[in-house]
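We did not get these values from a lab; they are worked out from the coordinates using the rules stated. Just so we're clear, the structure is a prediction, and the values are computed from it rather than from any experiment. All Cβ positions, even for glycine, are placed from backbone atoms using ideal geometry, and neighbour counts span all protein chains on display.
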Amino acid sequence: MKLGILLTTSPENENTHTAIELAKAARAMGHEVSVFLMEDGVYNVRDKNFAALSEAGVKIALCALNTEDRGVEKVDCALFGSQYDHASIAHDSDRFISFG
Amino acid sequence: MKKIAVLIRRPPLNTILNAEALRVSVGMTLRDDRVSVIFIGDGVWSASANLDPAKIGRRDSKKEFDVLKMLKCRLIADRASFESRGAGEPVPGVELVARSEVIRTLNESDIVIPF
Amino acid sequence: MQNHAECGDTMAVAEIDLKGEVCPYTFVKTKLKLEELEIGDELVALYDHAPAVENVPRSLRNEGHKILGIKEIGDHLWQVRIQKV
């Protein structure tokens with residue numbers, strides 16, 4: 001199964017922990033997981049535990065416009081993408097969950 | 001083709017999220033899925049023609065509304081929320097509908113993105 | 001729109017100026033313009049939003065179009081040549 005996750009809150013929100021645990025559990029069961037970050041959610045690429053998801057095979061993409069507004073520098077663990085990538089995750093996923 | 005609903009629930013002038021929800025709605029059309037935008041609760045203020053964010057130096061969403069209409073996305077606002085707040089006239093292209101229609105639209109959506 | 005003299009056939013070149021536009025309008029407007037063109041036609045698009053210069057060509061390739069070239073032609077100004085496939 002392909003799981004898509006949208007995360008729009010910063011790491012101080014419990015959503016980050018929930019999204020991390022959900023993504024890890026889904027990967028452990030062999031599912032494909034893609035996460036899209038928007039708004040203050042883009043700050044999650046600076047969170048060590050969140051960034052580690054990419055090593056577990058979770059694909060992370062984010063809204064590059066939102067990172068520009070917030071001065072978030074490019075990192076290797078995430079695709080600094082666009083709403084096209086967001087739409088693609090929604091389009092291609094079997095389940096899509098939004099955390100905001 | 002998937003049915004995607006973007007749900008706008010908050011008052012618009014203390015957050016950029018409503019404007020961003022409309023930008024996301026435009027973005028969600030890019031893989032040719034069918035997008036509906038639903039305004040409910042205090043979110044109906046974003047669909048009010050009376051709202052003028054420029055008066056406090058905030059961006060308006062005219063461009064998003066224009067593109068969503070051009071792409072034939074469905075824009076609906078919960079009539080009860082709209083009328084109970086005296087939100088005036090809706091933005092042209094936004095249809096006021098019964099609560100049951102809002103629920104039906106949410107129910108038939110493959111994906112709901114709440115803001 | 002003009003014909004490519006050197007091609008000698010009906011392939012046409014269209015232009016779109018997307019200075020001042022950000023995501024997702026950079027892609028939306030490029031896509032809508034491509035829909036007006038014939039297969040094989042070239043679209044020359046101008047962007048001044050840096051993320052668009054990486055993301056729009058990547059998304060267009062994903063849609064099956066061909067990127068003929070990306071060139072920085074000024075300070076924060078890029079020209080992307082796209083062939084409709």
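Odds and ends about this structure:
- Per-residue 3J(HN,Hα) values for segment A:13-26, derived from phi via the Karplus relation 6.51 cos²θ - 1.76 cosθ + 1.60 with θ = phi - 60°, read 7, 4, 3, 4, 4, 4, 5, 4, 5, 5, 5, 5, 5, 5 Hz in sequence order (x marks Gly and Pro).
- Helices in chain B, meaning DSSP H runs of at least 4 residues, each add -39500 (n - 2.57). Divided by all residues, the mean residue ellipticity at 222 nm is -8500 deg cm²/dmol.
- Theoretical ellipticity at 222 nm over chain A - DSSP helices of four or more residues, -39500 (n - 2.57) apiece, nearest 500: -10000 deg cm²/dmol
- In Hz, Karplus ³J(HN,Hα) per residue of segment B:18-29 (6.51, -1.76, 1.60; θ = phi - 60°; x = Gly, Pro): 5, 4, 5, 4, 5, 5, 4, 4, 4, x, 5, 7
- Relative contact order, percent, chain B [alpha-carbon distance under 8 Å, six or more residues apart]: 37 percent
- Computed [θ] at 222 nm, deg cm²/dmol, chain C (DSSP H ≥ 4; -39,500 (n - 2.57); rounded to nearest 500): -9000 deg cm²/dmol
- Rounded to 5, percent antiparallel among DSSP beta bridges of segment B:1-97: 5 percent
- Low-density loop positions, GluC sites (Glu not before Pro), segment C:23-67 - DSSP coil, at most 10 other Cβ in 10 Å: C:GLU38
- Shielding by other protein chains, B:17-28, mean Cβ within 10 Å: 5
- Altogether, the Stokes-Einstein calculation at 25 °C and 0.890 mPa s, with the Kirkwood radius of segment A:2-99 over Cα pairs as Rh, returns a diffusion coefficient of 190 µm²/s.
- Loop-located trypsin sites (Lys or Arg not before Pro) in segment B:65-94 whose Cβ has at most 11 other Cβ within 10 Å (DSSP): B:LYS72
- For chain C, the relative contact order works out to 29 percent when only alpha carbon pairs closer than 8 Å and six or more residues apart are counted.
- When the protein assembly as shown is described by a simple charge dipole with +1 on each Lys and Arg Cβ and -1 on each Asp and Glu Cβ, the residue from A:VAL33, A:SER82, A:ASN66 located farthest towards its positive end is A:VAL33.
- Of A:LYS74/B:LYS2; B:LYS2/B:LYS63; B:LYS72/C:LYS31; A:LYS2/B:LYS2; C:LYS33/C:LYS71, those spanning more than 22 Å from alpha-carbon to alpha-carbon: A:LYS74/B:LYS2; B:LYS2/B:LYS63
- For C:60-66, mean number of other protein chain Cβ atoms within 10 Å: 1
- Rule-of-thumb Rg ratio for the protein assembly as shown [Cα; 2.2 N^0.38 Å; N residues]: 1.05
- Stretchable slack from A:ARG95 to A:CYS77, in nm (0.36 nm times residue separation minus alpha-carbon distance): 4.2 nm
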